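Engineer: This is the structure, below, for whatever I ask next.
Coordinate-derived values only; no laboratory data. All values derive from a computational prediction rather than experimental measurement. Don't worry about glycine lacking a Cβ; one is built from the backbone with ideal geometry, like all the others, and counts go over all protein chains shown.
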Amino acid sequence: MSYILKIQKLGQLGLEFCRHAGTSGVFLLQTIFRKPRLIRFMPLLIEQIYFVGVLSLIIIALSGLFIGMVMGLQGFNILQKFGAVAQLGQLVALSVARELGPVISALLFAGRAGSALTAEIGLMQTTEQVASMEMMAVDPLWRIIAPRFWAGIISMPILSIIFSAVAIFGGFIVGVEWLGVDAGQFWSNMQASVDFRLDIVNGIIKSVVFGFVCTWIAVYQGYYTVPTASGIGRATTKTVVYSSLATLGLDFVLTAMMLGGW
Amino acid sequence: MISKRFYEVLVGLFMIAGMLALFVLAFKVSNFSQYGNDNSFHVTAAFDNVGDLKVRAPVTVAGVRVGEVYKIDLDPKTFRANVTLLIDKNESALPDDTSAKILTAGLIGANYISLLPGYAENMLKEGSVITETQPALILENVIGQFIYHLDDKKKK
C-alpha cells in the first residue's frame, strides 16, 4: 500500500511543479501587461531603481575591481610562460565582457537585490499588507510588483556594464601599473580583438536576460511565499538558489546560441 | 523618510555612470568596425587555399592595415575560395594589377592578407577582381614536400 502512496506522491510533485510553472507564467504576464499609467508609475519605478540598482552599485564595483585585478595577475603569470604578455588586455577584456561581467554581476545581484526583494514582498504578504491594498482597491501587482520588476530589468544591464568597465580598469592597474606590461600594447591589442557588436552587445543582451529572470524569480517567490517567518526564510533561500542556477544555465544556452552565429 | 528628489538625483547619477561605462567599453575597449559601406569598396580575389583565414582578418599594404576580409566562400565550379575584401577608400588608390598573398603573423599567429601594389594606370574600384593571388602556406604540405625531397636525395 505504501508503495502506491509513494508513486502517488511522485505524481503529486510533478503536478505541483507544473502548477508553479503555470502560476509564475501567468504572474509574469499580469505584471508586464498592466495599464501603463506612466505619470504615477515613474516615481515608484525611480524609488525601486534606487533600492535595486544604486544600492547594489558598491558591491558590484568592488567585486569588479577585484576580479579584474585577479584576472590581470593570473593572466600575466600564464602569458609570461609563452612570452605573450602583450595579449593581457585582450584576455582580460574578452573574458570580462563576454562572460564574467554579466554572470558575476547577475549572481551578486541575486544575492544583494533579489533576496531583499523576496524578503520585502514576503513580509508584506505575511503582515497582510498586500491583502489590505486589495481591500483599498489598489492593485498590488501594479503598486508593488511591477515597479520592482522593471527596476530589476533596467538596473541589471547598467550594473553589468559598470562591472565590466571597472574590471578592465582593475586588470589595467595590475597589468600595466604593477607588473609592467606596456600600456600601448595593452590597449591596442584589446581594441584589435574586442568587437563592439559581438562581444560587448552580446554581454549586454545576456545581462538583460539575467536581470529579467532573476527579478522574475525574486518577485514571484516573494509574492507566493508561505506567510510565516520560516516561509519567508525558505522563499529567500529559494530565490538565491534558483536565480544562480538559472543564471548559469541560461549563460550556457545563450553562449551556445551566440557562438553558433546567432 | 528620504525625499523624492534624493532618489531621483541618485538614480540619475546611476544612469549616467552606466552610460559612461558603456562609452568606455565602446570606444576604449572595443573597436567599431571602421570599414563601413560609404567609405570603403569591395574587391574579390580567388585563392587556391585560404588556410586559416577568417572573416574580419586584416588586409594590409606594406604592413599598414587598409581593410578587412568581408566574406569567404567556395566557388562551386572551380573549387577555389572566393575572398571578398573590404578596402578603405581613404587609403591611397591601389593599381589594377595589385596582387594578394595570404601570410601568417608570426610563427603561430593568425592569417592575414597582404596586398602588393602593381604599376598599372587603372585603379581598383568597387567589384574589381584581383587576379594575381598566392595561396596560404600550409605547414604540413611544406614539411611533406621537404621529406619527399629528402628521400630523393638519398636514392641518388
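Engineer: Is the stretch B:40-138 rounded, prolate or oblate when judged by the Cα gyration tensor, a ≥ b ≥ c being the square roots of its eigenvalues, rounded requiring a/c under 1.5 and prolate requiring a/b larger than b/c?
Structural biologist: oblate
Engineer: In the protein assembly as shown, what percentage of the DSSP-assigned beta bridges are antiparallel, given to the nearest 5?
Structural biologist: Counting DSSP beta bridges with both partners in the protein assembly as shown, the antiparallel share is about 75 percent.
Engineer: In terms of modelled amide H atoms, which long-range or inter-chain residues lie less than 5 Å from the amide H of B:Ser40?
Structural biologist: Result for B:Ser40 returns B:Lys89.
Engineer: Still on this structure, please answer the following. Would you grab the residues whose amide H sits under 5 Å from the one on A:Val181? Only those 5+ places off in sequence or on another chain, please, with H modelled 1.01 Å from N.
Structural biologist: Here the answer is A:Val176, since their amide H atoms fall under 5 Å of that of A:Val181.
Engineer: Still on this structure, please answer the following. Taking the protein assembly as shown, how much of its Cα-Cα pair set, in percent, is spaced more than 36 angstrom apart?
Structural biologist: Percentage above 36 Å: 46.
Engineer: Enumerate by residue number the chymotrypsin sites (Phe, Trp or Tyr not before Pro) in the stretch A:27-60 meeting two conditions: DSSP loop (anything except H, G, I, E, B), and at most 15 other Cβ atoms within 10 Å of the site's Cβ.
Structural biologist: A:Phe33
Engineer: How would you classify the stretch A:1-98 from its alpha-carbon gyration tensor, with a ≥ b ≥ c the square roots of the eigenvalues: rounded for a/c under 1.5, else prolate if a/b is greater than b/c, otherwise oblate? Present the calculation step by step, with values, prior to reporting the outcome.
Structural biologist: Values: a/c = 3.70, a/b = 1.47, b/c = 2.52.
Because a/c hits 1.5 or more and a/b fails to exceed b/c, the stretch A:1-98 counts as oblate.
Engineer: In chain A, which helices (entire DSSP H runs) extend 30 Å or more along their own long axis, judged by Cα positions, while averaging at least -1.0 on the Kyte-Doolittle scale? Present the calculation step by step, with values, prior to reporting the outcome.
Structural biologist: Working: long enough: A:2-32 (45 Å, 0.48); A:57-82 (37 Å, 1.65); A:146-172 (40 Å, 1.60); A:202-223 (32 Å, 1.05); A:229-259 (45 Å, 0.95).
Long hydrophobic helices here: A:2-32, A:57-82, A:146-172, A:202-223, A:229-259.
Engineer: Give me the distance in nm between label points sitting 7 Å out from Cα along the Cα-to-Cβ direction at A:Leu55 and B:Asp75, one decimal.
Structural biologist: 6.7
Engineer: Follow-up question, since we're still on this one. Name the residue, out of A:Pro140, A:Pro43, A:Pro157, whose mean-square fluctuation peaks in a Gaussian network model built on chain A with Cα pairs under 10 Å.
Structural biologist: A:Pro43
Engineer: Also: In the stretch B:18-88, which chymotrypsin sites (Phe, Trp or Tyr not before Pro) are in a loop and have at most 15 other Cβ atoms within 10 Å, using DSSP for the loop call?
Structural biologist: Sparse-neighbourhood loop chymotrypsin sites (Phe, Trp or Tyr not before Pro): B:Phe32, B:Phe79.
Engineer: For chain B, take the longest principal axis of its alpha carbons; what is the angle in degrees between that and the long axis of helix B:4-23, to the nearest 10 within 0 to 90?
Structural biologist: 10
Engineer: For a quick check: with amide H placed at 1.01 Å from N, whose amide H comes under 5 Å from B:Thr133's, ignoring anything fewer than 5 positions away on the same chain?
Structural biologist: B:Ala100
Engineer: In addition: So which GluC sites (Glu not before Pro) in the stretch B:75-156 pass both tests, a DSSP loop state and at most 10 other Cβ atoms within 10 Å of the Cβ?
Structural biologist: Loop-located and lightly packed - B:Glu121, B:Glu126.
Engineer: Full extension from A:Ala192 to A:Thr255: what is 0.36 nm times the residue separation minus their Cα-Cα distance, to one decimal in nm?
Structural biologist: The span from A:Ala192 to A:Thr255 would gain 20.5 nm if fully extended.
Engineer: For peptide B:16-24, compute the average count of partner chain beta-carbon atoms within 10 Å of each residue's beta-carbon.
Structural biologist: For peptide B:16-24, the averaged partner shielding equals 6.
Engineer: Can you show me the helix-derived [θ] at 222 nm for the protein assembly as shown, built from DSSP H runs with n ≥ 4 at -39,500 (n - 2.57) apiece and divided by the number of residues, rounded to the nearest 500.
Structural biologist: Roughly -19000 deg cm²/dmol at 222 nm, from the helical runs in the protein assembly as shown.
Engineer: Take every DSSP beta bridge whose two residues both sit in the stretch B:40-138, then give the antiparallel share in percent to the nearest 5.
Structural biologist: On the way: 26 of 34 bridges.
Restricted to the stretch B:40-138, the bridges split so that about 75 percent are antiparallel.
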